[in-house]
Every structure is written in structure tokens, then in C-alpha cells.
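Have a look at the structure below, then the notes.
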Amino acid sequence: MKIPNRIQPLVDDGLIDTVLQRLKSGKEADVYTVLCGDKIQCAKVYKEASQRSFKQAVQYQEGRKVRNSRHNRAMQKGSKFGRKQQEESWHTAEVDALFRLAGAGVRVPQPYLCIDGVLLMELVTDADGAVAPRLSDVTLSEENALADFETMIRNIVRMLCAGIVHGDLSEFNVLLDAQGPVIIDLPQAVDAAANNHAEAMFERDVNNITAYYGQFAPQLLQTRYAKEIWLLYEEGKLTPETPLTGKYVEAAHNVDMDSLMDEIITAEDEYYERLRAARERNEQ
């Protein structure tokens with residue numbers, strides 16, 4: 001096939017020998033299979049901001065650290081240079097997250113390098129060596145759904161223990177290889193501790209995954225893993241091996257009615273005392 005313009009420099013430098021086919025065109029990138037020597041890999045070509053349809057990118061970039069203070073100031077000002085740096089930070093965020101998560105034992109594609117908005121990484125394949133399907137394209141037995149859901153929850157826990165929330169996790173961002181689910185598409189990954197939206201994003205991620213597997217194992221729809229896991233994380237009790245129940249009980253707050261009535265009566269007394277004092281001042 002014709003070599004995309006963004007990939008051509010990598011071909012010229014000998015990093016890629018041949019572009020085989022385009023696997024998909026997504027909201028933030030196009031993905032191709034490429035031949036590097038005798039090995040087939042993935043080339044993810046990120047779209048420019050003007051072409052990207054990913055919504056609310058600012059929420060995802062909150063809390064991301066840029067080591068160079070000059071670059072950080074430029075990004076905040078929104079200058080041309082700053083916008084360029086912001087694009088690079090969007091590209092490198094996925095590479096950084098992939099390396100970090102792979103090191104934490106999360107099942108993600110192995111990243112190799114990222115140059116000028118093109119990420120080279122492992123091609124995830126099924127048992128026959130073909131490109132692994134997305135979860136959205138497969139039908140599971142109840143037994144397999146329960147087993148894979150458990151694997152996914154453990155991977156999500158490992159991600160959170162590594163300080164990362166995917167932020168856009170669903171059946172469309174998970175591949176199914178011979179060993180089970182593999183999490184992909186992480187340019188919008190957020191810092192769990194530094195992003196104010198992290199908890200809401202985490203809950204949405206877990207609920208999306210639960211809803212998908214719940215199609216095949218309806219009992220999963222009654223679980224509340226998102227709340228349970230996040231509470232353990234906030235309390236500093238979450239580890240990759242922490243036992244989970246899928247249950248979460250809202251904290252009950254007992255109301256002391258006697259104390260509440262005392263406060264109401266005191267507030268009324270203070271109100272009428274202020275009225276009396278105001279009348280006395282007016283009469284003087």
C-alpha cells in the first residue's frame with residue numbers, strides 16, 4: 001500500500017521496511033501493520049489536534065507533568081510553540097503509560113519507540129497469529145466472561161496501583177489474544193493522584209467493562225467494584241493482590257436530632273436577639 005506521509009521518515013531511516021495495511025482509523029490515531037525486518041509490528045500514527053475528535057482533552061491533560069519549565073509555560077500560554085509541546089506530550093503520554101504499566105504487570109502491548117507522532121509497538125495476535133480482535137467483536141460464554149472479567153479487574157487494579165487511570169476504557173479499547181484481554185489506547189491516561197477527574201473516569205472505566213461482560217454473565221451487573229476499589233485506593237489499602245468482593249456499602253450517617261434541634265433553637269434565639277438590638281438602636 002501507499003506509505004503514509006507521517007510514516008515515510010521512519011521508512012527512510014530504515015526503522016520500517018514495509019507498510020502492510022491499515023488496521024483502523026480511530027478518533028485520535030490511525031493504526032497500521034508494518035514490517036520491521038522479519039517482524040510485523042504496529043505503527044500508531046497520531047492525528048493532529050485539528051483532526052482529532054477526542055472530546056474534553058483538557059480534562060485528561062490535567063495533572064500531567066512537563067519537566068521543562070519553559071515548555072510548561074508555553075503550553076499554559078497556548079503559543080504556537082506551546083501547542084507543539086502539548087501535542088508531543090499527548091503522544092508521549094501513551095508511551096510513558098505503556099512502559100510504566102508493562103513494568104507493573106499490566107497486559108498492554110509492548111512499546112518500542114515514538115518518533116514525530118508515530119508509535120511503534122507490539123502487534124497483539126490471537127492463537128492463530130492473526131490480528132487479535134477487539135472485545136466488541138467477540139461473543140463469550142458465561143464461563144469465559146467471568147474469567148476474563150476477573151483478569152480485567154486485576155489489570156485495572158494494577159493500573160491504579162501504578163498511579164494510572166485509563167480514562168477511556170471500554171470493550172473497544174481491549175483486544176483478546178490467546179492469553180486473554182490486552183488493554184490498548186492510552187494517550188488519554190491520567191494521573192490518579194493529580195487529576196481531579198480521575199475518580200469519575202475510573203468509575204466510568206470499570207462500569208463500562210462490567211456492562212460489557214455483564215451481557216454474558218448477568219450476575220456481574222450487581223457488582224460495585226469501582227466504588228470498592230477506589231475506596232481501598234484512597235485509604236492506602238490497595239495492592240495488586242488485595243482481595244475484592246465486588247460489594248460496596250454506602251456510609252451511613254446517624255443524625256443526632258437533639259443536637260440538631262438545639263442548633264436550630266440557638267440560631268433562632270440569635271436571630272431574634274439581633275432584631276431586638278436593631279429596634280433598640282432605631283429607637284435611640
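Some observations on this one:
- Residue within the range 209-228 that is of a type in the set (S, T, N, Q), loosely packed, with under 10 Cβ neighbours inside 10 Å and part of a loop (DSSP other than H, G, I, E, B) present: no
- In the range 7-48, residue nearest to Val118 (Cα to Cα) [restricted to those that are in contact with a strand residue (DSSP E or B) (Cβ under 7 Å, 6 or more places away or on another chain) and either of a type in the set (Asp, Glu) or open to solvent by 70 Å² or more (accessible area, probe 1.4 Å) (or both)]: Asp30
- Failed condition for Ala178, given (1) closer than 20 Å to Val95 by Cα; (2) over 14 Å from the mean Cα position of the chain (by Cα); (3) at pLDDT below 95: (1)
- Yes/no for Ile184 being within 24 Å of Asp126 (Cβ to Cβ) and at pLDDT 95 or above: yes
- Selection count where residues are part of a loop (DSSP other than H, G, I, E, B), over 19 Å from Ala211 (Cβ atoms) and in contact with a strand residue (DSSP E or B) (Cβ under 6 Å, 6 or more places away or on another chain), scope the range 164-183: 0
- Total residues in the range 127-157 satisfying the condition of being surrounded by fewer than 19 Cβ atoms within 10 Å (Cβ to Cβ) and touching an Asp or Glu at 6+ places or on another chain (Cβ under 6 Å): the figure is 1.
- Count of the range 93-126 residues, restricted to those that are assigned to a strand (DSSP E or B) and open to solvent by less than 40 Å² (accessible area, probe 1.4 Å), is 5.
The values are calculated or read from the model by the stated rules, or taken from the named source; none is laboratory data. The structure presented is a predicted model; accordingly, all values stated were derived computationally and were not measured. With ideal geometry, Cβ positions are generated from the backbone for all residues, glycine too; neighbour counts draw on all protein chains shown. Side chains are part of the model used for accessible areas, which takes the heavy atoms of the whole protein and leaves out ligands, DNA and RNA. Shrake-Rupley method; radii C 1.70, N 1.55, O 1.52, S 1.80 Å.
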